[in-house]
Amino acid sequence: MPTTRRLFAVLLAGALALAACGGDDDDGGSAEGEGDSSDGGTINVPDDHDTIQAAVDAAEPGDLILIQPGTYEESVSVTTDELTIRGVDRNEVILDGGFELDNGIRVTGASGVAIENMTARNYTKNGFFWTGVEGYRASYLTTYRIGDYGIYAFDSVKGLIEHSYTSGSPDAGVYIGQCYPCDAVIDNVVSEHNGLGYSGTNSGGNLLIVNSTFRFNRAGIVPNSGSYELCYPERDTTIVGNLVYSNNQADTPAIDVALLGMGNGILPAGGVGNTIERNRVFDHDLTGIGLLPFPEEDANDVVPPASDDDQPCSEAKGEPTADPATIPDTVVWNPRDNRVIGNVIEDSGMADIGIGSLVDVSGLGNCFADNDISSTAPTDLEALAPCDGQGSGGDWTAGALDLSKFLAEKPPSGDYKTSPVPDDQENMPDAEDAPARPATDVPRDIDVDAIEVPDRPSDA
Amino acid sequence: MKRTIVSLLGLVLAAGSLAACGGDDDSAVAASGLSTSNGSSDESVPDDVVVIDTDPAEVTALDNSFRPENIEVPAGTEVVWTNKGRNEHNVLHVDGDDWGVEVEDFQPGASYSHTFDEAGVYRYYCSIHGTTDAGMIGTIVVSG
C-alpha cells in the first residue's frame, strides 16, 4: 500500500512540476530518502532533513523517520498517518523544549503513528501527545521535566504505551483520557516523581494498566471522573499486576488534584466498574487502595445515569448537557461497582483498603475479596461487601474512612523544571535496523489471567 | 438559552434551493447570506452548527474541546469563551484576525469575549491541543 501511495505521490509531484507556473522552494524534495527507493521509505535526521519536523512534513504513510543522536530543540506536529518516528538511541536522541515550547511531539488526527526510543524533556505542556487518533504506540520513550503530561493520549483509541519512563510532570506521567472504549494497554511503564503516576479522566473500556511501576509520586494510579472533559464517567479500567509504592512524595510538582490525592496508591476518584486485581501496593500515608468520590465544583453537567455506562464516547460527545440551572454547585462523582481482588497491600497509614463518600457507601456496589491486607475502612470490608454472595450485614459506620484526612493541607507543588533527571533507560532492541512498524496492530493481546502479583523490589 | 441543532443537510438543502446550480462548497455560506471572514471563498460551514439567539453567546473550553464546537450567531453578538477545563488553553483565529486570547489570559476559570459585527465564517483553534483544522477547534458562523 505505501508503494502505491508513493507512486501516486511521485506522479502527482511530476504533474505539479510540469504544470507549475512559478516554481516553489524545494520542500523536502532534496531529501535522498524521499522518493528514493534506495532507502526503502526511511528518512534520516539529520542527514536527509535537519529537523524532525522537516522529515515529518516530507514523509508519507508507512515511512520510517530515523533520528540520529542529538538535541533537537523543536516542537513537532504530526498530521500524516502511519509514520514510525524512531530514535537510534533512547538516551541520546533528545527533544528539548527549553521550557518554552509546548509539546515535544504532538500527533493530531493522524492514525497509526508510532513513536519509539527517544527522550522528551523541558516542555511546558506535554512530552508525547496523541489526540483524536485511531491507533497509537509509545515504545521505549522517556519524558522528564514536562509541564502537564509526560505521555498523553486524549480522545484516542487503539493504543499501546510500553517500555516507557516518565517523571517530573505536575499532572500525570502517563495519561489516557476521554475514550470509551479505549482499547488501549499500558504495559511495562515506570512513572515516578510526578503529581500522579497515572491519570485517566473519563476513559476506560478494554483499557489495561499492567506490569508497571508507579512510585514516588504524590499518588499512584488515579482513574477519575469529571465533566471538564467529555465522555464521563471513567469506567471499566483493568489494573493488574502493578507495583505501586511510596506515593507520598512531598517534593514533586503537583496540580491541585495531585495534592488532594497525595498519600494513596490506587485511587479511583469517582471511578466506575474498574477491576483492581493482583497488584502489590505498599507504603502509603493514607490508603493503599482508596475508593473515593470526586467532588467537582462549577461542573458542566450532572452525573449520567448508570444505564448510560455502555454508551460509547462517540455517542456521548453529541449528548446535550443539563440545563445549567439544574446543575448543583458541586457535582459528586461516586466510586461504584469497582472490584478489588487479590491485591497484596501493606504499610498503609489509614487503611490498606478504604472507601468513603458523602453518601452511604454500602449502596455503591463495590466489592472486595481475597486481598492480603491488615486493615480496611470501614472495618472488615471484605465481609461487608464480598464479590461473591451476600454481605455480612454488618455496620458500615464502624471504622469508617475519615475523609477529613484527605482534605488536610499538603506540601505545595515543587517546580517541574528542577525535578530529578533520570538515569539512562533501556534501549529498544535493534533500533537502527528494525523496519518501520506503524501503530496498526495495537493494542496487543494481554493474558491478564496469567499475570501474578509482582515481587517486592529488594531495594524498596 | 435556546439552542437548536442545525444539520449540515438542512443548510445544504437551503443552499441548494437558493443558489440553484452552484454546487460548490460555498453554497451553504452563500445561501446563508454569509461571506468568509477573510474574504476568500475556500471556507465552508461545518457539519453541524448550534444556533444561539442570545447575546452574549457562550462557548465553553473543556479539556480539550470547545462546546458547542460550532455556533451560529447574528451579527453584533458578543461571544464569550470560558475555560472550564483544568488545562491551559488559548483561542486563536485561523486566519490571523485581531481577536483571540493567549494562554496567559485564559487560565482555567478565565473568560474572553469578542463581538462579531460582520457576517462571515470565523474558524479558531487552541494551538496547544489542536491544529488549525483538527483537535481542539471551533467555528463562529455570523449571519447578516
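Please treat every number below as a calculation from the coordinates, not as lab data. Not measured: the values here are computed from a predicted model. Using ideal geometry, Cβ is built from the backbone for each residue, glycine included, and neighbour counts are taken over all protein chains shown.
Details
- Our estimate of slack between A:Asp380 and A:Asp256, defined as 0.36 nm per intervening residue step minus the Cα-Cα distance, is 41.5 nm.
- Per residue of B:59-66, other chain Cβ atoms within 10 Å of the residue Cβ number 5 on average.
- By the beta-carbon count within 10 Å of each Cβ, the least crowded to most crowded order of A:His163, B:His89, fewest first, is A:His163, B:His89.
- Applying 1/(1 + (r/R0)^6) with R0 = 41 Å to the Cβ-Cβ distance of A:Thr418 and B:Ser143 gives a FRET efficiency near 0.20.
- Average beta carbon contacts from partner chains per residue of B:128-137, 10 Å cutoff: 6
- Pairs over the 32 Å Cα-Cα cut-off, from the set A:Lys158/A:Lys405; A:Lys125/A:Lys317; A:Lys317/A:Lys417; A:Lys317/A:Lys410: A:Lys158/A:Lys405; A:Lys317/A:Lys417; A:Lys317/A:Lys410.
- Average silhouette area of the protein assembly as shown, convex hull of alpha-carbon atoms, in square nanometres: 28.7
- Region A:392-448 and region A:243-307 have their alpha-carbon centroids 11 Å apart.
- Taking region A:181-425 and dividing mean pair separation by its residue count, relative contact order in percent (alpha carbons under 8 Å, at least six apart): 18
- Region A:65-104, relative contact order in percent, only Cα pairs under 8 angstrom and at least six apart counted: 53
- Listed peptides A:120-132, A:315-327, A:99-111 by packing density, highest first (mean Cβ within 10 Å): A:120-132, A:99-111, A:315-327
- Per-residue ellipticity at 222 nm computed for chain A from its helices equals -2000 deg cm²/dmol, with DSSP H segments shorter than 4 residues left out and the rest contributing -39,500 (n - 2.57).
- ³J(HN,Hα) computed for each position of region A:67-78 - Karplus, 6.51 cos²θ - 1.76 cosθ + 1.60, integer Hz, glycine/proline x: 10, 7, x, x, 9, 10, 8, 8, 10, 9, 10, 10
- Only the Cβ atoms of Lys and Arg (+1) and of Asp and Glu (-1) were treated as charged; on that basis the dipole of the protein assembly as shown about its Cα centre amounts to roughly 1220 debye.
- C-alpha center-to-center spacing [region A:113-177, region A:338-379] in angstrom: 31
- Taking chain A and dividing mean pair separation by its residue count, relative contact order in percent (alpha carbons under 8 Å, at least six apart): 12
- Helix A:2-19 and the longest principal axis of the Cα set of chain A meet at an angle near 50°.
- Placing a label point 7 Å from the Cα of A:Val448 along the Cα-to-Cβ direction, the residues of region A:263-279 whose backbone N falls under 14 Å of that point are A:272-279.
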